[in-house]
Amino acid sequence: MKDELLQIFPTPLLITKYEGSLVDELKHIDTLEWIEQKANGNFKSKDTYLLDYEQFKNIKNFIYESLNKFTKEVLMSDQRLVVTQCWLNKNPKGSKHHEHVHPNSIISGVFYFKQDPKLPPISFSKSIQHAMKLDPKKYNNLNSETFLLPCTDGELILFPSNLKHSVPVNMSEEPRISMSFNTFSVDTLGSEDSLTHLDIRRIMNEHN
Ligand SMILES: [Fe+2]
């Protein structure tokens, strides 16, 4: 019998590509108000519910199509996710963002409006780092603890919200512009059979 190498519990990360033009959206983005995040040198849009706006209608549809693919085809669930908060990030040359996760969310996403394809804009890390480690001669997805993902304009990255990630320093002369968002289920979570059922409507009715 031949050896067999299993990779159990891999982390799903879905990359989808928006094929439409982003010219109108970028024009609108130029008119928005920003708040500087002093510690990292980057900027966040003042408005954090951007999918409510007509100007992002096409992007909203694309995000929902991609989220449905993730829940139906990857997670194999009919439970529907909706975007809770959605904001823009502007990273001028030299700025970065510290390592973090997105609490109170199931799947998070980043959509790239403007991004240098040669410079990976996001780095993912393993939740549990090795306490003891050997010295790999070559890194692969079984012995690595961080993963730098190159992206191009119009790409959307969807990942579990508890996956640690950070934004490496932007070395490009051009500012990087991305849109981030979190999600939650509008349907009940879990199931009665597995004793994980979370039906928020039932709870609200009981306690109102
Ligand atoms: Fe993030």
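Would you be able to tell me the number of residues in the stretch 96-111 that are surrounded by fewer than 21 Cβ atoms within 10 Å (Cβ to Cβ) and out of contact with any Leu (no Cβ under 8 Å at 6 or more places or on another chain)?
Within the stretch 96-111, residues that are surrounded by fewer than 21 Cβ atoms within 10 Å (Cβ to Cβ) and out of contact with any Leu (no Cβ under 8 Å at 6 or more places or on another chain) number 7.
What are the residues in the stretch 88-102 that are closer than 16 Å to K164 by Cβ and within 11 Å of the ligand (Cβ to nearest atom), if any?
H97, H98, E99, H100, V101, H102
Quick one: how many residues across the stretch 12-46 are assigned to a loop (DSSP other than H, G, I, E, B), within 25 Å of I107 (Cα to Cα) and at pLDDT below 95?
1
Where in the stretch 120-185 are the strands (runs of 3 or more DSSP E), entirely inside, with at least 2 residues that are in contact with a Phe, Trp or Tyr (Cβ under 8 Å, 6 or more places away or on another chain), within 30 Å of E19 (Cβ to Cβ) and among the polar types (S, T, N, Q)?
In the stretch 120-185, 176-185 are the strands (runs of 3 or more DSSP E) which contain 2 or more residues that are in contact with a Phe, Trp or Tyr (Cβ under 8 Å, 6 or more places away or on another chain), within 30 Å of E19 (Cβ to Cβ) and among the polar types (S, T, N, Q).
Being polar (S, T, N, Q), away from the ligand (no atom under 16 Å from the Cβ) and free of Cβ contacts under 8 Å to residues at least 12 places away in the same chain, is that true of even one residue in the stretch 175-195?
yes
Identify all residues within the stretch 67-104 that are more than 30 Å from E36 (Cβ to Cβ) and either small (G, A, S) or assigned to a loop (DSSP other than H, G, I, E, B) (or both); write none if there are none.
L75, M76, S77, D78, Q79, R80
Restricting to the stretch 52-61, name every residue that is buried (at least 19 other Cβ atoms within 10 Å of the Cβ) and touching a Phe, Trp or Tyr at 6+ places or on another chain (Cβ under 9 Å).
I59
The values are calculated or read from the model by the stated rules, or taken from the named source; none is laboratory data. Predicted model, so just to flag it, every value in this text is computed and none were measured. No Cβ is skipped: glycine too gets one built from the backbone with ideal geometry, and neighbour counts run over all protein chains shown.
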